[in-house]
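Just below is one structure, and these are the notes that go with it.
The values are calculated or read from the model by the stated rules, or taken from the named source; none is laboratory data. Nothing here was measured: the structure is a model prediction, and the numbers come from that model. Cβ atoms come from the backbone with ideal geometry, glycine included; neighbour counts cover every protein chain shown. These area figures cover heavy atoms from the full protein model, side chains too; ligands, DNA and RNA do not enter into them. Shrake-Rupley method; radii C 1.70, N 1.55, O 1.52, S 1.80 Å.
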Amino acid sequence: MREICRLFTVDCPVEFVAYVTRGGMRLVKRGSDLQMDVEYARETVLDEARQRVLRGAIAEVLEQTGLKPLIPVKCVDAVAMRVNLEPRDRSRFAAAMRAWLARSGLGGLQTTPEGRTSVFIMRHGVGKRKAVL
């Protein structure tokens, strides 16, 4: 995503902020480059250990519910685990994932359905509103 956003910096004299992945990543235009807002990333990024735990949890919840993702589960921009399911299956998966998170004691995470097929698991409070404030 960062590479795509860089296209907007060419010949653009205006300073701006780009936020992607539901506001999980915040890029700031400095000169002709887009740079990660490091302070913001500390509040939003899922570290490697948390990503591994979430991959295992997602696999467990998918197996328990008998659901199959439409595309491979992926960590997007290091801020959100994305699971794509049939629209009819999203709410069941989201509820089961929330229950798993509550039982695990792995606090500070939210499960957010978006669009027709996506469910995002990310740190609590991450979103477009946070990115622009």
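Worth a mention:
- The calculated FRET efficiency for Lys74 paired with Val28, based on their beta-carbon distance and R0 = 25 Å, is about 0.50.
- Rounded Å value of the spacing that divides the Cα centres of the stretch 27-87 and the stretch 104-120: 10
- Other residues whose C-beta falls under 11 angstrom from the C-beta of Asn84 contribute a net charge of +2, scoring Lys and Arg +1 and Asp and Glu -1.
- Mean silhouette area of the stretch 40-85, derived from the convex hull of its C-alpha atoms and averaged over all directions, reads 3.3 nm².
- Using a probe of 1.4 angstrom and keeping all protein chains present, the accessible surface of the stretch 23-105 works out to 53 square angstrom per residue.
- Per residue, the average separation of C-alpha pairs within less than 8 Å and at least 6 apart gives the stretch 21-112 a relative contact order of 24 percent.
- Approximate spin-label separation Glu43-Arg103, in nm, with each point projected 7 Å along Cα-to-Cβ: 3.3
- FRET efficiency, Arg88 to Arg55 (Cβ-Cβ, R0 35 Å, nearest 0.05): 0.90
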